[in-house]
Amino acid sequence: MSTTATATAAGGRRHSVSVASRTHFIVLGVGAVLLVLLIALPFFGSTSLTRRLVDFFTLLALAELWNLMLGYAGLISVGQQGFIGIGSYTLWLFSDKFGINPFIAVIFAAIGGAIIALPAAALVFRLRGGYLAIGTWVIADTLRLIVANIKQTGGGSGITIQAASEMSTGTRVPGVYWWALGVATMAIATTYLLLRSRTGLALKAMRDNDLAAESSGVNLWRTKLYTYIIAGAGCAAVGAIVAIHLLRVQPAAAFSVTWTAYLIFITVIGGIGTIEGPIIGTIIFYVLRETTSKYGTWYFIALGVLAIIVTIWSPAGVYGWIVKKTGFMVFPLQRKLQIAESKVAPPQITPSGGGVAS
Amino acid sequence: MDWLNAGVQGILLGGLYALFAVGLSLVFGTMRLTNLAHGDLTILPAYIALIIVGFIPFNPFYAIPIVMVIMFIIGYALQRGVLNFVVQSGDVAGVIVTFGLSIVIANSLQQGFTANSQGLDAGTVENLSITLNDRLAIGWLPLIIFIMAVVAIGLLGLFMGRTKMGRAFRAVSDDQEAARLMGINTKHIWAVAMGVALLVVSIGGVMMGIRTTFHPLLGSDRLIFAFEAVIIGGMGSSWGTLLGGIVLGLAQTLGARAFGSAWQILVGHVVFILILALRPQGLMGKAVTA
């Protein structure tokens, strides 16, 4: 009400909506340099470092995709492991059975994930709220049991990815690394571009109030479907990358709900609904895992307790806390209203401003 | 196993699934909370019974009332101490917190009791059966479990329909604000609802512990079966849930009979998916989804 009134009172004053600030160009520059360094890493970094970063980037990609679904489309999935598993097995199918180069087979795995996501969405979207989450879990469990019951895939004991095993370490590790880095970058870029687009506005409107969004003409179902398919394809690609990385795929591991436990932890700790949150979350998770995972069950208990505490008492996560303290977002996604001139110092509210609609 | 025998086993197993399912839907119904820790909270009673019979060497059957009281207290405390904070924060917070809780419970049980399978020994009743003819024999234990499950579901229905507390549950479920204005303490009601839900499932939890072995990681299967029974039967109807549980139990045992035991759970999932695709409101649900 007051802003509208001010604009009317000021008459010729111009206002504009801006997204990025000057600082963001510096951030973009730093980001570009960092990306180039990361791309070049296999040439100067050790093999073990490269391997560790594969873990890091696969988790980051998964977390970003999960965050896209949850933080923006309001879809709570605890079944992304279904797509990870499908991706791993599609990779095996294309590389070992059809003889396609494993690094190209990753693309087929992503397509496989997208294809599975379509009927899966048609099913689980019938469920409301939290029941949708269990629905996605059932789908993932169904996929696991189907794969585990097929003799050709080695059943429950799993199967070795021959094509990946025959590769030399010098080819395989950098290749896997670039794919992992690529998928993580793509996940972030897709989320960013999607949110800057028209669909992104729809997603954010939906997150904030789905009823209001729908009555403003947002097609909820289609928007959710796109998000679900993108996440399904991305998770399947990650599953394929992990399969090349580990040289072996096993239903219990590939379709494990532990994946989801990690994603939830990463996204919640970092901050749901932001691009930066999962990045921070993955770093925290990674450090925690390297230092405390030897404690086994205690480590998982700590992850669970932390997720509960953060959700209840600090739902914006670490990044939310940073934004609150500094007011700065690395990825410019918020639209800021800027009034060009301020000749009239205090905003005037005209009580009977004709034609002012709020 | 004969087809008829498999069918009877399926129906008896279904009663147990229904018992787990009514707990899940009671919580969802009263506070719109999807409790992903529900499965783990059906495993917990078996471990509590294990501790009790470790101290007092009597038949685990007698431990059931004690376990029920303990589970009610756990449920009440859990709701007031943790879950009440997320009831009004929407689905997402509820799912995340209960998922975290599920991890905490499963791993705590693993820490305290190892990942090995455990069992509760109820003595000879475990092996007694009624032989109807040379092809069909009904075990006493599965039959007792089924009867107890049906009685528990019936009593829960009476509790919801006839008692003051049950009315309060339904009032809070229908309109939280209006219920609060009428002087209902919603925080207390939610906690009682969680307590009652866990009290009911603990009967099944201990009985299942007597019938088969159990280990800390069974929770996710239990949650999924309970959920499938709710959706197959149709939400908001406890007899529907019983039917849903029986359909799921039948699908599993007949599936195992037809394709082998590795297919048991998968056939159950397939039936669930078919129902969700063809009749999303469930077998006995009303056409309008909640």
> Where the eigenvalues come from the Cα gyration tensor of chain B, what are the semi-axes √(5λ) of the equivalent ellipsoid, largest first, in whole Å?
Replying inline: 30, 23, 18
> Taking Cα pairs under 8 Å and at least six residues apart, what relative contact order does the range B:162-290 come out at, in percent?
Replying inline: 17
>> Tell me the relative contact order for the range A:135-259 as a rounded percent, counting alpha carbon contacts under 8 Å between residues six or more apart.
In response: 43
> Using alpha carbon coordinates only, what is the Rg to Rh ratio of chain A, with Rh defined as the Kirkwood radius?
Replying inline: 1.04
> For the range A:175-332, what is one quarter of the convex hull surface built on the Cα atoms, given in nm²?
Replying inline: 11.1
>> Using Cβ counts within 10 Å as a stand-in for footprinting exposure, how do B:Lys187, B:Lys164 rank, fewest first?
In response: B:Lys164, B:Lys187
> Remind me, what semi-axes does the range B:129-172 give for its equivalent ellipsoid, largest first in whole Å, using sqrt of 5 times each Cα gyration tensor eigenvalue?
Replying inline: 37, 7, 6
> Hey, could you pull the Cα Rg and Dmax for the range B:1-160, both in Å?
Replying inline: 18.1, 58
> Mean shadow of the range A:66-155, computed from the convex hull of its alpha carbons, in nm²?
Replying inline: 6.0
> Is the shape of the protein assembly as shown rounded, prolate or oblate, going by the alpha carbon gyration tensor and its root eigenvalues a ≥ b ≥ c, with a/c under 1.5 for rounded and a/b larger than b/c for prolate?
Replying inline: oblate
> Count the lysine pairs in chain A that are 8 or more places apart or on different chains: how many have C-alpha atoms under 25 angstrom apart?
Replying inline: 7
> Under the rule of -39500 (n - 2.57) per DSSP H run of 4 or more residues, summed and divided by the residues of the protein assembly as shown, what mean residue ellipticity at 222 nm is obtained, to the nearest 500 deg cm²/dmol?
Replying inline: -23500 deg cm²/dmol
> By the gyration tensor of its Cα atoms, with a ≥ b ≥ c the square roots of the eigenvalues, what is the shape of the range A:213-303: rounded for a/c under 1.5, prolate for a/b over b/c, or oblate?
Replying inline: oblate
> Among B:Ile153, B:Ile265, B:Ile246, which one moves the most in a GNM of chain B with springs linking Cα atoms closer than 10 Å?
Replying inline: B:Ile265
> Relative contact order for chain B: what is it in percent, counting Cα pairs under 8 Å that are at least 6 residues apart?
Replying inline: 36
> Can you pull the three principal axis extents for the Cα set of the range A:15-135, in Å, largest first?
Replying inline: 52, 45, 23
>> Over the Cα atoms of the range B:100-175, each weighted equally, I'd like the Debye log10 I(q)/I(0) at q = 0.21, 0.28 Å⁻¹, rounded to two decimals.
In response: -0.92, -1.14
>> Counting other beta carbons within 10 Å of each residue's own, what order do A:Ile280, A:Ile86 fall into, fewest first?
In response: A:Ile280, A:Ile86
>> I need the P(r) histogram for the range B:168-290: all alpha carbon pairs, bin width 5 Å from 0 out to the longest distance, whole percents.
In response: 2, 10, 14, 18, 18, 15, 11, 6, 3, 1, 1, 0
> Which whole DSSP H helices in chain A pass both tests: a Cα extent of 20 Å or more along the axis and a mean Kyte-Doolittle value no lower than -1.0?
Replying inline: A:22-44, A:47-67, A:102-124, A:129-149, A:169-196, A:220-246, A:276-292, A:297-313
> Based on the Cα coordinates of the range B:187-245, what is the per residue volume of their convex hull in Å³?
Replying inline: 105
>> Explain nothing, just compute: Karplus ³J(HN,Hα) = 6.51 cos²θ - 1.76 cosθ + 1.60, θ = phi - 60°, for every residue of the range B:263-271 in order, whole Hz, x for Gly and Pro.
In response: 9, 3, 5, 4, 5, x, 4, 4, 4
> Once all Cα-Cα distances of the range B:73-122 are split into 10 Å bins that start at 0, what whole-number percent is in each one?
Replying inline: 22, 39, 26, 12, 1
>> Neighbour counts of other C-beta atoms within 10 Å: give me A:Met69, B:Met71 arranged from fewest to most.
In response: A:Met69, B:Met71
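Each value in this text was obtained by applying a stated rule to the coordinates, not by laboratory testing. Because the structure is a prediction, the values reported are computed rather than measured. Here the Cβ is made from the backbone with ideal geometry for all residues, glycine too, and neighbour counts use every protein chain on show.
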